[in-house]
1. How big is the Cα convex hull of the chain in projection, averaged over all directions, in nm²?
2. Using just the helices of the chain, give the 222 nm mean residue ellipticity in deg cm²/dmol: DSSP H runs with n ≥ 4 each add -39,500 (n - 2.57), and the total is spread over all residues, rounded to 500.
3. Search the structure for amide H atoms under 5 Å from the amide H of residue 123, placed 1.01 Å from N in the peptide plane, and list their residues when 5 or more places away or on another chain.
4. Suppose a student asked you for the relative contact order of the stretch 91-138, using Cα pairs under 8 Å spaced at least 6 residues apart; what percent would you report?
5. Quote to one decimal, in nm, the extra length available between residue 72 and residue 146 on full extension: 0.36 nm per residue of separation minus the C-alpha distance between them.
6. Relative contact order for the stretch 85-175: what is it in percent, counting Cα pairs under 8 Å that are at least 6 residues apart?
7. Restricting to Cα pairs below 8 Å that are 6+ residues apart, what does the relative contact order work out to for the stretch 28-167? Please round to a whole percent.
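All of the numbers you see were taken from the coordinates with simple rules; none came from a lab. Not measured: the values here are computed from a predicted model.
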Amino acid sequence: MAKVEKCSCGNDEEGLLNRLEEIIISFKEKPGALIPVLQATQSLFGYIPQEAILKISEILNEPLQKVYGVITFYSFFSLKPRGKYLIRVCLGTACYVQGANEILTALKQQLSIEIGETSPDKLFTLDVGRCFGACGLAPIIMVNDDVHQWVKPNDVKKIISSYKNKKEVKQEEAKNGY
């Protein structure tokens, strides 16, 4: 995946679009540029905004339908802003039988959001998957790349708190100059 650092031009939309244009141009002549450019866009913005799609289509000379097709085919890409932490609940057969639906309900209640939504503090986005290939650990949830195994509904509050605390620790470190 293309690793992109946010530009020092600011986090405003215009500054990010200018940085994106530089990235697209750097990939323009490379075969198979579309997916790496979309990955870079996702890293830069946290999702793929409409303006970025138009710019990608124009500069790479790819039809809009193709760009949208790739974005909507791969679950990694999002057309809506996501939270810092993407929580995915496995609803595959083993996880479902072991209570994944109850875990999903607990997450919805704890975060006050539905599937596909982002919490008001922009920390969490809730999603589901059909199988994560870890049936022996069922039920599982993933928070970004962290796998939480044998999760019970009463574990949800503790899991959410651990990620909220990560944010608070980083804010405290920044405040103290660490």
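1. Details: hull surface 47.5 nm².
The directionally averaged projection comes out at 11.9 nm².
2. -15000 deg cm²/dmol
3. Counting only residues 5 or more places away or on other chains, the set is 84.
4. It rounds to 42 percent for the stretch 91-138.
5. 24.2 nm
6. Rounded, it is 35 percent for the stretch 85-175.
7. Once divided by the residue count of the stretch 28-167, the mean separation gives 21 percent.
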